[in-house]
1. Would you pick out the residues in the range 19-42 that are farther than 16 Å from His103 by Cβ and charged (D, E, K, R)?
2. What residue, among those in the range 150-163 that are surrounded by 15 or more Cβ atoms within 10 Å (Cβ to Cβ) and not hydrophobic (A, V, I, L, M, F, W, C), is farthest from Thr127 (Cα to Cα)?
3. Within the bounds of the range 172-183, is there any residue that is over 19 Å from Thr44 (Cα atoms), free of Cβ contacts under 8 Å to residues at least 60 places away in the same chain, in contact with a Lys or Arg (Cβ under 6 Å, 6 or more places away or on another chain) and of a type outside the set (S, T, N, Q)?
4. For residues that are among the small types (Gly, Ala, Ser) and touching a Phe, Trp or Tyr at 6+ places or on another chain (Cβ under 7 Å), scanning just the range 174-200, find the one that is nearest to Ala70 (Cα to Cα).
5. Cβ-Cβ under 6 Å, sequence separation 6+ or interchain: first residue in the range 185-204 and over 12 Å from Leu148 (Cα atoms) and in contact (Cβ under 8 Å) with a residue 24 or more places away in the chain, partner of a type outside the set (S, T, N, Q) and in a helix (DSSP H, G or I). Which pairs?
Amino acid sequence: MTEVNTTNMVTEPIDPSTDTRNVANQFKGMTDDAIRLEMQKIRTPLVNVAMNLTHEFNKSAVLRSHNAFAARQFVLINKVNDQDPTNPEGVRRWDKRGAVGMHHYESVRHTVDWEALFAEYRAEGYTIFAVDNNIEFGDPKNITKTDLPEKTVFVYGEEGLGLSEEMLKACDAMVYIPQFGVVRSLNISQAAAVCMYEYARQWQHEL
């Protein structure tokens, strides 16, 4: 199921000169619903999936980048809700502040069943990429040297926990972001932004 946030939405056109929302100039003054409709016209087929996120702010930070690169769908693979274990969406808690309002223009899909999710995307012709540098469970390829299909799914894990062995093996391929310093990995919101930019570089020629 998908979540559409309607709290504090702009429901009537406003004066663009007084519009303080963090939106590009061409969207100033428009209602939130109108912005959502315009976004549908420019979205790419890209899908972003995040799991094992223990820091709620990271979820909204990834959503901010997801919006910036006009991706099709953002999915959170949640933990099972112990208070409602049969709920297919699991625990839906997340801190929206990092999205700087972009949650008003995006539909966030929640699920606990990543296997069914993967099967759905494969039926639509998608290739699923794990974003990780774990050589123990795969053969990660440099993302900047990888031809990304137009129908791409990126799967991101928490910086510390990463993706499970089962998840890594279930993906079609693994990509990593080349780094040159001491730090082993990037924060998920940083890594997601890099991956989305590389996809956009390959498929959105106006960049």
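Laboratory data are not the source of any read-out in this text; all were calculated from the coordinates shown. The shown structure was predicted, so the numbers you read here are calculated from the model rather than taken from an experiment. Neighbour counts run over all protein chains shown; Cβ positions are idealised from the backbone, glycine included.
1. Asp19, Lys28, Glu38, Lys41
2. It comes out as Glu159.
3. yes
4. Ala200
5. Ser189/Ala61; Ser189/Val62; Ala192/Val62
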